[in-house]
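Accompanying notes for the structure given below.
Please treat every number below as a calculation from the coordinates, not as lab data. Given the structure is predicted, the values throughout are model-derived calculations rather than measurements. Every residue, glycine as well, gets a Cβ built from its backbone with ideal geometry; the counts of neighbours run over all protein chains shown.
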Amino acid sequence: MSIWIFNQRDDSEYDDVEGRQYSYPRYLPNAQQVSPGDLFVYYRPKNASDIGGFFFGAGRVGALDREGGMVTAHVEDYVELSRPVNETELTNKPRSNQQNSINRLAAELFFDILRLGGVSPHHNRMSAEPDTPRI
């Protein structure tokens with residue numbers, strides 16, 4: 001299981017529905033590595049926000065629909081953060097490449113984002129263990 005950052009713009013050109021599905025081209029870096037059961041956090045890029053780059057929600061990747069050159073990841077166990085978490089609040093740089101729409105994220109940073117966003121790091125829907133029972 002991996003943990004990802006999914007860039008999410010309000011004006012996305014893809015068939016995105018926050019908290020329900022995330023669509024992206026297959027050719028994106030890391031796109032072929034996303035798998036059902038992976039965890040993710042949504043990130044609003046700096047250039048798409050008045051308050052800088054921030055994290056605002058988290059969930060688990062469900063089924064992946066592949067059609068043509070696109071992938072649609074269905075979202076499970078979505079939880080909106082109680083407050084947005086600006087990337088400057090984190091002690092370590094969360095994104096290895098600012099240009100990629102999908103970036104791998106260390107588990108420690110994932111749980112820091114949840115905690116700072118007002119979601120318990122032990123929230124059973126956000127467990128890093130794929131076989132953990134969920135509500």
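Below are the figures for this structure:
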read-out: Mean Cβ count within 10 Å, highest first, over the residues of peptides 83-91, 55-63; value: 55-63, 83-91
read-out: Tail beyond 26 Å, pair distance distribution of segment 3-124 (Cα, percent); value: 12 percent
read-out: Label-point gap, in nm, between MET70 and GLN99 - each point 7 angstrom along Cα→Cβ; value: 2.4 nm
read-out: Per-pair calculated FRET efficiency, R0 = 35 Å: TYR27 and THR88 via Cβ, rounded to 0.05; value: 0.70
read-out: Normalised contact order of segment 3-124, rounded percent, pairs of Cα under 8 Å and 6 or more residues apart; value: 28 percent
read-out: Sequence-distant residues sharing a close amide H with TYR78 (under 5 Å, placed H); value: ARG60
